[in-house]
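Supplied in structure tokens, the structure appears directly below.
The values are calculated or read from the model by the stated rules, or taken from the named source; none is laboratory data. Keep in mind it's a predicted model, so treat the numbers as computed, not measured. Please note: Cβ atoms are built from the backbone with ideal geometry, for glycine as well, and neighbour counts cover all protein chains shown.
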Amino acid sequence: MEEQSHGPHGAICTGFDARRTTHQSCEVRASMSSRQFRPAPAPGASQFRLKIRRSEIHRVGVFAAQKIPPGRKVIEYAGERVSIQEALRRLRKIWARKGSKHFYLMRLNRYWCVDGAVAGVGGQWINHSCDPNLAPRRNHGHVLLFSTRQIRKGEELSFDYRFPGNSRPVPCKCGSPKCRGTINLN
């Protein structure tokens, strides 16, 4: 995928239009700069060996450096905890600038988001897939990513961003035979 995004690609949105910054129930990702890029997940971020490298899905991704069994916590989607209002402020600032627009916010609940661009541990680099191998679980103020099936060594980690079906369609590049064509739910 090209470096410049043409929409909230890289965003995890549920009921949220990042262009108009109208909130229904934000599940979005914040901005990325090269100085924030980690070549590897933070030490201790996962009980499994993971690598961050170029992805065929989008820019960079997280890959299993060992086999991961099903039903296991793989990594936390960590970062700075911000209010929905602060998340909206950050999105407006990002959309106002020129060039690439990438977001790393994920909704905790109807009041809070996690900004993976600030103090993320590697989970923010996990890409979308229509046939994911991870699923998020929210638990006591944390977003944990669990394996949904056995993950092979070298396989890219992914979860379904589940953009709302009523928002602007965002093309999906996951390459899965089960690809629905957009990141949006139908």
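Would you pick out the residues in segment 149-186 that are surrounded by fewer than 18 Cβ atoms within 10 Å (Cβ to Cβ), touching a Pro at 6+ places or on another chain (Cβ under 7 Å) and among the polar types (S, T, N, Q)?
150, 182
Checking the condition surrounded by 13 or more Cβ atoms within 10 Å (Cβ to Cβ), at pLDDT below 90 and in a loop (DSSP other than H, G, I, E, B), which residue from 10, 44, 99 passes? Before you say what the answer is, go through the steps one by one.
Numbers: 44 fails: surrounded by 13 or more Cβ atoms within 10 Å (Cβ to Cβ); 99 fails: surrounded by 13 or more Cβ atoms within 10 Å (Cβ to Cβ).
The match here is 10.
Is at least one residue of segment 89-103 in contact with a strand residue (DSSP E or B) (Cβ under 6 Å, 6 or more places away or on another chain) and over 17 Å from residue 132 (Cβ atoms)?
First, pick out the residues of segment 89-103 that are in contact with a strand residue (DSSP E or B) (Cβ under 6 Å, 6 or more places away or on another chain): none.
Scanning segment 89-103 turns up no residue that is in contact with a strand residue (DSSP E or B) (Cβ under 6 Å, 6 or more places away or on another chain) and over 17 Å from residue 132 (Cβ atoms).
Quick one: would you say residue 119 is of a type in the set (Gly, Ala, Ser) and over 23 Å from residue 66 (Cβ atoms)? So that I can check it myself, show each step before the final result.
Working: of a type in the set (Gly, Ala, Ser): yes; over 23 Å from residue 66 (Cβ atoms): yes.
Yes.
Using the structure shown, decide if residue 70 is buried (at least 19 other Cβ atoms within 10 Å of the Cβ), not aliphatic (A, V, I, L, M) and not in a strand (DSSP E or B). It would help to see each step written out before you state the result.
Working: buried (at least 19 other Cβ atoms within 10 Å of the Cβ): no; not aliphatic (A, V, I, L, M): yes; not in a strand (DSSP E or B): yes.
So residue 70 fails the test.
Additional query: Condition first: of a type in the set (Gly, Ala, Ser), within 21 Å of residue 51 (Cβ to Cβ) and assigned to a loop (DSSP other than H, G, I, E, B). Now tell me which residues in segment 127-173 satisfy that.
Selection gives 129, 154.
Could you give me the residue pairs with C-beta distances under 7 Å whose first residue belongs to segment 150-165 and is modelled with pLDDT of 90 or more, whose second residue is part of a loop (DSSP other than H, G, I, E, B) and small (Gly, Ala, Ser) wherever it lies, and which are 6+ apart or on separate chains?
Partner pairs satisfying both residue conditions: 153/65; 156/55; 158/129; 160/129.
Where residues in segment 102-119 are touching a residue at least 40 places away in the same chain (Cβ under 8 Å), of a type outside the set (Gly, Ala, Ser) and not in a strand (DSSP E or B), which of them is surrounded by the fewest Cβ atoms within 10 Å (Cβ to Cβ)? Spell out how you get there, then give the answer.
So the first thing to find is which residues in segment 102-119 are touching a residue at least 40 places away in the same chain (Cβ under 8 Å), and the list is 102-107, 110, 113, 115-119.
Next, from what is left, pick out any that are of a type outside the set (Gly, Ala, Ser): 102-107, 110, 113, 115, 118.
With the extra rule that they be not in a strand (DSSP E or B), the set shrinks to 102-104, 110, 118.
Numbers: 102: 22, 103: 27, 104: 26, 110: 10, 118: 18.
Filtering first and then ranking leaves 110.
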